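Bear in mind these aren't lab numbers, they're just calculated from the coordinates by the rules spelled out. Note that the structure is predicted; figures quoted are calculated from it, not measured. Note: ideal-geometry Cβ built from the backbone for every residue, glycine included; neighbour counts use all protein chains shown.
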Amino acid sequence: MAVERYRTLSSNGEGIYRELASKFIGTAAPIADEQAFKHLLDGIMRDHPSARHFCYGWVLGDACDRYRANDDGEPASTAGKPILRQIQNNHLTYTAVIVVRYFGGTLLGKPGLIHAYGEAARLALHVAPVVEHVVMEACSVTCGYDRFDVVKSDVHSAGGRIIESTFTEHCNARIELPIGVIEALTPKWLLAGVLIEDQ
């Protein structure tokens with residue numbers, strides 16, 4: 001079943017957590033893809049040249065089906081996984097959280113690290129605004145001039161948009177609609193003589 005909508009962040013959030021002189025700075029941010037994440041990570045590493053660790057988790061895909069966690073030298077599963085878990089618990093995608101650690105000289109142990117990285121991620125996500133996106137799909141339609149107003153009305157009332165249109169012998173338009181709507185409108189449009197082509 002196709003995903004109809006997903007939750008992501010509309011802008012960044014930051015959270016700071018301190019434990020036994022160690023400082024954990026979490027940054028939550030929306031990302032479009034892995035390249036955007038690398039750009040975000042590079043910027044944070046430049047901003048914190050003396051930090052010891054840059055641990056992270058990210059989730060991508062409309063269905064939240066691509067994800068990664070990285071401990072960056074911390075004991076296995078004590079940093080990246082707790083960060084990733086916070087993103088997943090909030091049902092977010094196209095989202096990354098990077099937690100920078102400044103080591104305070106005292107070892108926290110595995111339970112302490114898991115708590116500290118998870119808490120820094122939670123605090124960053126808590127202040128980052130969440131937005132819900134409708135998943136869209138595109139197609140092209142061709143129809144007579146007498147049918148174009150009907151198409152336009154159907155597209156707008158369904159929450160879609162006309163990306164571009166050209167008017168020659170017929171009306172041609174590229175349209176974008178919430179997933180599932182094209183399929184629902186197809187019988188009506190075919191009866192009205194509107195030709196539909198997938199993108």
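The criterion of being surrounded by fewer than 21 Cβ atoms within 10 Å (Cβ to Cβ), among the charged types (D, E, K, R) and either over 21 Å from residue 119 (Cα atoms) or without any contact (Cβ under 8 Å) to a residue 60 or more places away in the chain (or both) does not hold for residue 19.
Within the range 26-59, the set of residues being out of contact with any helix residue (DSSP H, G or I) (no Cβ under 7 Å at 6 or more places or on another chain) and among the β-branched types (Val, Ile, Thr) comprises just one member, 44.
Only one residue in 62, 47, 71 is among the acidic types (Asp, Glu) and more than 30 Å from residue 20 (Cβ to Cβ). Which one?
Step by step, each of 62, 47, 71 is checked, and only 62 is among the acidic types (Asp, Glu) and more than 30 Å from residue 20 (Cβ to Cβ).
Within the range 5-28, being within 17 Å of residue 57 (Cβ to Cβ) and over 11 Å from the mean Cα position of the chain (by Cα) holds for 12, 13, 14, 15, 17, 24, 25, 26, 27, 28. When the range 52-106 is filtered for residues that are part of a helix (DSSP H, G or I) and not β-branched (Val, Ile, Thr), the ones remaining, listed by number, are 80, 81, 82, 84, 85, 86, 88, 89.
Residue 83 meets the stated requirement of being in contact (Cβ under 8 Å) with a residue 12 or more places away in the chain and farther than 30 Å from residue 159 by Cβ. Identify, please: which residue in the range 179-188 is under 28 Å from residue 63 (Cβ atoms) and without any contact (Cβ under 8 Å) to a residue 60 or more places away in the chain and is, among those, farthest from the chain's Cα centre (by Cα)? Filtering the range 179-188 for residues that are under 28 Å from residue 63 (Cβ atoms) and without any contact (Cβ under 8 Å) to a residue 60 or more places away in the chain, the one farthest from the chain's Cα centre (by Cα) comes out as 187. A count restricted to the range 164-195 and to residues that are in a strand (DSSP E or B), buried (at least 17 other Cβ atoms within 10 Å of the Cβ) and aliphatic (A, V, I, L, M) stands at 3.
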